[in-house]
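The values are calculated or read from the model by the stated rules, or taken from the named source; none is laboratory data. Nothing here was measured: the structure is a model prediction, and the numbers come from that model. Neighbour counts run over all protein chains shown; Cβ positions are idealised from the backbone, glycine included. Heads up: the accessible areas ignore ligands, DNA and RNA and are worked out on the full protein's heavy atoms, side chains in. Shrake-Rupley method; radii C 1.70, N 1.55, O 1.52, S 1.80 Å.
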Amino acid sequence: MLYSVSNWIYDLGAEPLDVTFDRLCRYGFDGVELIGEPQQYDAAQVRQKCEQYRLRVLSVLGWCIAPTDSRDLANPDSRIRDNAIAYVKQSVDLAAAVGAEVVVVIPAPAGRTAPLGDGSGDGAWQAAYDREWRNAIEAMKVAAEYAEKKRRVLAIEPINRYETFLLNNLDQGLRYIHEVGSAAVKLHLDTFHMNIEEKDPAQAVRKAAGLLVNVHVADSTRGPVGSGHTDFQAIVRSLIDIRYSGPLTMEPCPPHPNGIMAARAKAFRGLRDAYAEQCITRLREFEAQAVDH
Ligand code: LER
Ligand code: MN
């Protein structure tokens, strides 16, 4: 298992790389997930800092958060979808430039909780949903062709229903990947979203065997491991049983109802070291117990 942190939780990636990398290095992380803001990074500088702190960029997180007119692969407006495809390609280029294999993709923006258009009656909702599903499939096919060429993997992240309407759980993720039909499109799971959407998160991990390439980690409270009721012991055991060798990427948020506000709030900065240390320490314990078993 590799240990990583998604740096959007640190001021949406605006925390200086030296501060972030020094923290990860101190607590024994293997790498980092960079927020998918290609303009924010100088790839040569990122590579130099990785060498200095003995870290790797393990993934890039496609930052598809509403409101956005440029990153929405499902949108009924084809110009917006074209922008979104261009954005995924730029994220793939960033990943290639910093040596990351995986780009996490959220097909419809987190924060948009309904299909666009007339979604009032049952039938209208379903028709609008189906239209956006098809849009997101067709757009992803184009992005996937580019990722294949660049030898990168696009990992689809199901997000809970309070943040998105399109793709909430493992089964929808598997169906989506099947319908896109590209070897470059795989799966990402997030323990916080699974806690809301899966009957049995550890079982969902088993079902994802062979396709799972990245995992976000936060407890049921969205705080660090140990702050909620998620059964990480069972999840880690499933990961070991399916021979998962990718990253466990920490995404714990301070206690605020809005994760993005929490990531930016100065008042919470003092929690960053403690959260990083708590997550890796507890997960390592679960990993050691599962291996001993
Ligand atoms: C992104 O990885 C994520 O989990 C979203 O919930 C962010 O809003
Ligand atoms: Mn996540």
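Heavy-atom accessible surface of the range 183-263, averaged per residue, reaches 38 Å², computed with a 1.4 Å probe. By the rule of a C-alpha distance below 21 Å, with chain neighbours fewer than 8 residues away ignored, the lysines paired with residue 207 are 186, 199. Ranked by the mean number of other Cβ atoms within 10 Å of their residues, highest first, the peptides 231-240, 17-26 come out as 231-240, 17-26.
The HN-Hα couplings worked out from phi for the range 7-20 by the Karplus form 6.51 cos²θ - 1.76 cosθ + 1.60 (θ = phi - 60°) are 7, 5, 6, 10, 6, 6, x, 7, 4, x, 4, 4, 5, 5 Hz, whole numbers, x standing for Gly and Pro. Based on protein heavy atoms only, the range 1-148 ends up with 41 Å² per residue of surface accessible to a 1.4 Å probe. Taking only protein heavy atoms and a 1.4 Å probe, the accessible area of the range 140-293 is 49% carbon and sulfur.
Its DSSP H runs of at least 4 residues, each contributing -39,500 (n - 2.57), put the calculated 222 nm mean residue ellipticity of the chain at -14500 deg cm²/dmol, to the nearest 500. Remark on the range 130-241: hydrodynamic radius 14.6 angstrom, per the Kirkwood mean of 1/r across alpha carbon pairs. Hull volume per residue, based on the alpha-carbon atoms of the chain and their convex hull, is 121 Å³. From the Cα gyration tensor of the range 176-293, with a ≥ b ≥ c the square roots of its eigenvalues, which class applies: rounded if a/c is under 1.5, or else prolate if a/b is larger than b/c, or else oblate? Because a/c hits 1.5 or more and a/b fails to exceed b/c, the range 176-293 counts as oblate. When a/c reaches 1.5 or more, the comparison of a/b and b/c decides; with that in mind, is the range 58-207 rounded, prolate or oblate per its Cα gyration tensor? The shape class here is oblate.
The H on the amide N of residue 186, modeled in the peptide plane, is under 5 Å from the matching H of 154, 155, 156, each at least 5 residues off or on a different chain. Packing, taken as the mean count of other beta carbons within 10 Å per residue, orders the peptides 273-282, 94-103 from highest to lowest as 94-103, 273-282. Calculated FRET efficiency, residue 145 to residue 113, Cβ-Cβ distance, R0 = 35 Å: about 0.70 to the nearest 0.05.
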